[in-house]
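Beneath this line is the structure, given in structure tokens, with notes to follow.
The values are calculated or read from the model by the stated rules, or taken from the named source; none is laboratory data. Keep in mind that what you see is a predicted model, and the values were worked out from it rather than measured. Counting neighbours? That spans all protein chains shown, and the Cβs are built from the backbone with ideal geometry, glycine included.
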């Protein structure tokens, strides 16, 4: 499996992961062979990436920390609940809380797993998938910090609903491909107070969880919005969701820009740690998140092309990779980047460059016998 940007050269490729649309409904099943019309339909619906089968990477599996069934169930529940809240209908949020409980259970069942996040959703569905990823990361931070189960439930519920106010902003502004005008940006900034207003009216949410909507753009130095509060004036939930919201948004494709290299995002958050972002939340995040999820195609220093195969517990920024192309490379070769400090990741690629991916995979014994001489 490798994760690629959607492009016309994918004709004939088979999906390695299913594609889900509105409400988590299945659009394309795993194993479907892509053709020109399906590729055009995916682009039309705002999808930017898919996972495809790859004979070089048959053993690579997504390193999700929650089950796919849990993810799709949570998206369906979130979409249904937000629709009812936005319509003003009396909303019973037990289903949301139950979805959060399932996420907590999955994370507890696999506590040592690194969390790999893919943006395999359409731009129209981005608010839901972004919110789910923020929820997963926030709960993971809470677990790392030793929060109680009851507090984790509040944190997860607030994080899952933190961006509900964005659904009151016109889609043409949210999905605008160019730079926002000051007026448009000002309108988008109102989503925090709009979200607070919506959630505060839900009798079974509570002010604590609703603060995720209000506070996730506040900053410790008072430079955030909407209230410009500082330090401990920001809720605990707000300080955690501020970190996870920024990380997830910066490392995902957006209509206005491509995803930013995770190493750069990590450096930014660590630089701003204790200045604008909560230091404990930042430290906890980078103990859990996989900066380069399995299946990610990367360019390495020296002209090598590789695909991430699994995470290395020694460093979340230095995963195991399979070299598939580069100077002197005659066979696909597995290496641990942690043990090769001279090989740095330069970029995340949309797909193999022309000519790559026509190698065969050697066994670990063959690799060890060669002593990585090809590198």
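Tabulated data
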read-out	value
Subset of the range 297-343 (residues that are in a loop (DSSP other than H, G, I, E, B) and either under 26 Å from residue 112 (Cβ atoms) or assigned by TED's automatic domain parsing to the domain that holds residue 284 (or both))	313, 314, 340, 341, 343
Considering residues of the range 247-264 that are buried (at least 20 other Cβ atoms within 10 Å of the Cβ) and modelled with pLDDT of 85 or more only, the residue farthest from residue 172 (Cα to Cα)	262
Any hit, the range 98-115, residues being over 30 Å from residue 280 (Cα atoms) and at pLDDT 85 or above	no
Subset tally (residues that are closer than 19 Å to residue 225 by Cβ, without any contact (Cβ under 8 Å) to a residue 24 or more places away in the chain and touching a helix residue (DSSP H, G or I) at 6+ places or on another chain (Cβ under 7 Å)) for the range 241-280	1
Condition check for residue 69: in contact with a strand residue (DSSP E or B) (Cβ under 9 Å, 6 or more places away or on another chain), surrounded by fewer than 17 Cβ atoms within 10 Å (Cβ to Cβ) and closer than 20 Å to residue 113 by Cβ	no
Test for residue 178: is it within 17 Å of residue 79 (Cα to Cα), out of contact with any strand residue (DSSP E or B) (no Cβ under 6 Å at 6 or more places or on another chain) and in the same structural domain as residue 227 (by TED's automatic domain parsing)	no
Residues of the range 31-54 satisfying the condition of being free of Cβ contacts under 8 Å to residues at least 12 places away in the same chain and either assigned by TED's automatic domain parsing to the domain that holds residue 333 or under 15 Å from residue 15 (Cβ atoms) (or both)	37, 38, 41
Residue ID - modelled with the highest pLDDT, chosen from residues in the range 28-47 that are part of a strand (DSSP E or B) and buried (at least 17 other Cβ atoms within 10 Å of the Cβ)	28
All positions within the range 128-163 that are in a loop (DSSP other than H, G, I, E, B) and within 17 Å of residue 82 (Cα to Cα)	161, 162, 163
Exclusive hit being part of a helix (DSSP H, G or I) and crowded, with 19+ Cβ neighbours inside 10 Å, set 60, 50, 3, 77	77
